[in-house]
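Participant: Input: one structure, supplied below.
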Amino acid sequence: MTTTISLTTGTEVISVCTKCKLPLAHIIVAMDEAKIKKVRCSTCGKEHRFVSPDAKKRAPSSKVKVRVEEQWKQLTDSLSSKRKIPYTLSGLYKEKDVIDHHVFGIGVVNQVVTRETIRVLFKEGEKLLASARVSL
Ligand SMILES: [Zn+2]
């Protein structure tokens, strides 16, 4: 069993009020086992479902990040025997080339968009980089 704080009806929690549209103090009025089912806004008195103040912002982006990292790890693992090419603006790359970028680290070329633009998957996400640029 997990050691979560036991919430009961009558406990004060922070929920986003569906009427005030703000994270405010609410009193739990109904529980669904370990989950908060219904809360009452201490500001306007409206009863509504519990809306976690950080659920909207954090949950989706962190999920996406994990997926990108997993994808990146699988890709770099499968290409670990390949030579890592130091990234330069003038370099010419092809798909599945493993590059070493001075800021983003190890990346794998996912797609050659145009001769001068490549799509590279880094640990933190996919980025568009320049390639084959002739320095003047
Ligand atoms: Zn309210």
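No value in this document is a laboratory result; all are computed from the given coordinates. Every value quoted in this text rests on a predicted model; they were computed, and no experiment measured them. Here the Cβ positions follow ideal geometry from the backbone for every residue, glycine too, while neighbour counts run over all protein chains shown.
Participant: Using helices alone, what [θ] at 222 nm do you get for the chain, with -39,500 (n - 2.57) per DSSP H run of 4 or more residues, divided over all residues and rounded to the nearest 500?
Facilitator: That comes out to -6000 deg cm²/dmol.
Participant: Give me the net charge of LEU79's neighbourhood, meaning all other residues with Cβ under 12 Å from the Cβ of LEU79; Lys, Arg count +1, Asp, Glu -1.
Facilitator: +2
Participant: Output wanted: per-residue J couplings in Hz (rounded whole) for the range 89-95, from phi through Karplus 6.51 cos²θ - 1.76 cosθ + 1.60, θ = phi - 60°, x for Gly and Pro.
Facilitator: 4, 8, x, 10, 10, 10, 4
Participant: May I ask for the angle, rounded to the nearest 10°, between helix 55-78 and the longest principal axis of the chain, with both axes built from Cα atoms and the value confined to 0 to 90°?
Facilitator: Approximately 30 degrees, to the nearest 10.
Participant: Now for a different question. May I ask you to derive the relative contact order of the chain, considering only C-alpha pairs under 8 Å and at least 6 residues apart, and to give it as an integer percent?
Facilitator: 14
Participant: Provide GLU33, GLU47 in ascending order of the number of other Cβ atoms located within 10 Å of each residue's Cβ, fewest first.
Facilitator: GLU33, GLU47
Participant: Which ³J(HN,Hα) values in Hz, rounded to whole numbers, follow from the phi angles of the range 31-48 under the Karplus curve 6.51 cos²θ - 1.76 cosθ + 1.60, where θ = phi - 60° and Gly and Pro get x?
Facilitator: 10, 10, 6, 8, 9, 7, 9, 9, 10, 10, 5, 6, 8, 10, x, 6, 9, 7
Participant: Right, another one. When a footprinting reagent is the concern and you count Cβ atoms within 10 Å, what order do CYS44, CYS17 take, fewest first?
Facilitator: Ascending number of Cβ neighbours within 10 Å: CYS44, CYS17.
Participant: Treat the count of other C-beta atoms within 10 Å as a stand-in for reagent exposure and order VAL109, VAL68 from fewest to most.
Facilitator: The fewest-first ordering by Cβ neighbours comes to VAL68, VAL109.
Participant: Here's something else I'd like to know. Taking amide hydrogens as modeled 1.01 Å from N in the peptide plane, which residues meet the under 5 Å criterion relative to GLY91, leaving out close sequence neighbours?
Facilitator: ALA132, ARG133
Participant: For the pairs LYS73/LYS96; LYS37/LYS65; LYS65/LYS96; LYS35/LYS65, flag any whose C-alpha to C-alpha distance is greater than 19 Å.
Facilitator: Over 19 Å apart, Cα to Cα: LYS37/LYS65; LYS65/LYS96; LYS35/LYS65.
Participant: Calculate, in nm to one decimal, what GLU47 and ALA34 gain on full extension: separation in residues at 0.36 nm each, minus their alpha carbon distance.
Facilitator: That pair, GLU47 and ALA34, stretches by 2.8 nm at full extension.
Participant: Another one. Which value, to two decimals, describes the C-alpha radius of gyration of the range 12-53 once divided by 2.2 N^0.38 Å?
Facilitator: Output field value: 0.98.
Participant: Check which residues have an amide H placed less than 5 Å from LYS37's amide H, if you skip close sequence neighbours.
Facilitator: Distant-sequence amide H within range of LYS37: ALA30, MET31, ASP32.
Participant: Using the Karplus equation 6.51 cos²θ - 1.76 cosθ + 1.60 (θ = phi - 60°), what ³J(HN,Hα) coupling, rounded to whole Hz, does each residue of the range 103-114 give in order, writing x for Gly and Pro?
Facilitator: Coupling constants for the range 103-114: 10, 8, x, 7, x, 10, 5, 7, 7, 8, 6, 9 Hz.
Participant: Find how much the distance from GLN71 to VAL13 grows on full extension, using 0.36 nm per residue of separation minus their present alpha carbon separation; answer in nm with one decimal.
Facilitator: 17.2 nm
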